[in-house]
Amino acid sequence: MSLGAFSISLAVKDLAASIKFYETLGFESFHDGSEHNYAILKSGDAVIGLFQGMFAGNILTINPGWRQDATAVDGTFEDVRDIQNRLQAAGIDIPTPADANGTGPASFMLTDPDGNTILFDQHVGKPDA
């Protein structure tokens, strides 16, 4: 089963300069949240989020229940809480878990063996709720 949409979230120092740089590379604005210090850009199925002052490092982001075009998946998908349970059962430490009893949007973060942060960020409710 697909984990959902994938993107990279980049911590940037100057949002406007970063937007201009990535647009020069060929990315186009998908969602301009500049007033809130972020922007989402796309090139085909590649998605990058630019975030100024929101977090210290770059983050791999997975959005269960979403397609690459940021629309909700029709039907069933693996809910973020089910992914969390599966990973915990496999022995992966999740220092910032989602509420296991929730049914709405939720998220959790973990770190891979090389120190990379991975955010599972579900923007839609549990498919069977």
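Bear in mind that the values in this text are calculations on the coordinates, not laboratory data. This one's a predicted model, so the numbers in the text were calculated from it and none came from an experiment. Positions of Cβ are backbone-derived with ideal geometry, glycine not excepted, and every protein chain shown enters the neighbour counts.
Approximating the spin labels as points 7 Å out from Cα along Cα→Cβ, the Met109-to-Ser43 distance works out to 2.7 nm.
Each DSSP beta bridge with both residues in the chain is either parallel or antiparallel, and the antiparallel ones are about 75%. Rank Leu60, Gly75, Leu50 by how far each Cα sits towards the positive end of the charge dipole of segment 24-92 (+1 on Lys, Arg Cβ; -1 on Asp, Glu Cβ) and give me just the farthest. Going by the charge dipole, the pick is Leu60.
Expressed as a rounded percentage, what relative contact order does the chain have, with Cα pairs under 8 Å and six or more residues apart? Walk me through the numbers before you get to the answer.
On the way: 254 pairs, mean separation 32.3, N = 129.
After rounding, I find 25 percent.
For the chain, what does the helix formula give at 222 nm: sum of -39500 (n - 2.57) over DSSP H segments with n ≥ 4, over the residue count, nearest 500 deg cm²/dmol? Provide the component values of the computation, followed by the final result.
On the way: 2 runs with 21 residues, N = 129.
Using -39500 (n - 2.57) per qualifying helix, the result is -5000 deg cm²/dmol.
Please identify the trypsin sites (Lys or Arg not before Pro) of segment 59-118 that satisfy two criteria: DSSP loop assignment and at most 15 other Cβ atoms within 10 Å. Which are they? Intermediate results must be reported in sequence, preceding the final value.
Values: sites: Arg67, Arg81, Arg86; in loops: Arg67.
Counting only loop positions with at most 15 other Cβ atoms within 10 Å, the trypsin sites (Lys or Arg not before Pro) in segment 59-118 are Arg67.
Relative to the longest principal Cα axis of the chain, at what angle does helix 80-89 sit, 0 to 90 degrees, rounded to 10? The answer is roughly 60 degrees.
Dividing the C-alpha radius of gyration of segment 5-122 by 2.2 N^0.38 Å, with N its residue count, gives 1.13.
Note on Asp93/Asp128: beta-carbon distance plugged into 1/(1 + (r/R0)^6) with R0 of 25 Å gives a FRET efficiency of 0.40. Any idea what angle helix 15-25 forms with the longest principal axis of the chain, computed on alpha-carbon atoms, 0 to 90 degrees, nearest 10? So the helix axis and the longest Cα principal axis differ by about 80 degrees.
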